[in-house]
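The values are calculated or read from the model by the stated rules, or taken from the named source; none is laboratory data. Keep in mind it's a predicted model, so treat the numbers as computed, not measured. Here the Cβ positions follow ideal geometry from the backbone for every residue, glycine too, while neighbour counts run over all protein chains shown.
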Amino acid sequence: MTRAIHHLIAERRAKRALSTEPVGAEEIELLIEAAHLAPSCFNSQPWRFVVIDDDEILRAVKEAMPQGNYWAKPAPVIIAVASQRDLDCKLSDGRDYFLLGCGMAVGNLMLQATEMGLIAHPIAGYNPTKVKETLKIPTDYTLITLIVVARAGDPADLSEDHRAIELGERDRKPLVEVMARNRFT
């Protein structure tokens with residue numbers, strides 16, 4: 001038996017060269033369906049998605065991003081992922097499992113996007129208070145990430161540093177830095 005990483009996992013990249021070309025409602029719905037199939041603690045399904053494709057709201061969300069996320073501005077769609085600790089398992093040692101469930105849902109969404117030839121790039125760089133206000137997300141919810149969704153664009157539109165990352169080899173830490181056996185090292 002030959003062992004291999006699934007091709008979608010191997011192909012997925014955090015691309016930044018984005019096109020302004022529209023992404024259809026059916027395509028977005030398929031991404032959300034894939035995310036919604038993720039496992040969750042006791043099938044709680046804690047994820048809540050806000051699809052942002054209205055020009056005015058999209059502009060307001062993009063204005064809440066720092067200059068470093070200039071590359072995200074062409075995206076025709078952004079998906080906000082929010083949840084709240086009471087929507088999922090709360091464990092006795094203080095772990096809030098909703099973050100894991102939402103992370104797995106985002107992973108499914110990203111792999112589905114890769115299968116569809118789309119870019120789905122989660123970001124942490126934004127003003128969460130402004131975005132939550134714009135999207136009317138309740139204050140007791142955590143805005144976990146924004147996922148920038150687009151078709152591939154021209155790497156020439158990126159800064160020199162981002163272009164080098166975009167066109168370069170995938171950079172991952174060696175397994176020895178992220179994996180231990182039997183004891184944390």
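Remark: pairs (first residue in region 59-80, on the phi < 0 side of the Ramachandran plot; second residue crowded, with 21+ Cβ neighbours inside 10 Å and among the hydroxyl-bearing types (Ser, Thr, Tyr); Cβ separation under 8 Å; 6+ apart in sequence or on different chains) = VAL61/TYR126; ALA64/TYR126; MET65/TYR126; PRO66/TYR126; ASN69/TYR126. Would you mind finding the one in ALA75, ALA10, ALA14 that is in a loop (DSSP other than H, G, I, E, B), within 19 Å of the chain's Cα centre (by Cα) and modelled with pLDDT under 95? Of the residues listed, the single one that is in a loop (DSSP other than H, G, I, E, B), within 19 Å of the chain's Cα centre (by Cα) and modelled with pLDDT under 95 is ALA14. Candidates in region 60-72 are the residues that are crowded, with 16+ Cβ neighbours inside 10 Å and not β-branched (Val, Ile, Thr); of these, the one that is farthest from the chain's Cα centre (by Cα) is ALA60. Residues that are at pLDDT 95 or above, in a loop (DSSP other than H, G, I, E, B) and touching a helix residue (DSSP H, G or I) at 6+ places or on another chain (Cβ under 8 Å) occur in region 57-64; there is at least one. Filtering region 113-163 to residues that are in a helix (DSSP H, G or I), crowded, with 17+ Cβ neighbours inside 10 Å and of a type in the set (S, T, N, Q) leaves THR114, THR134.
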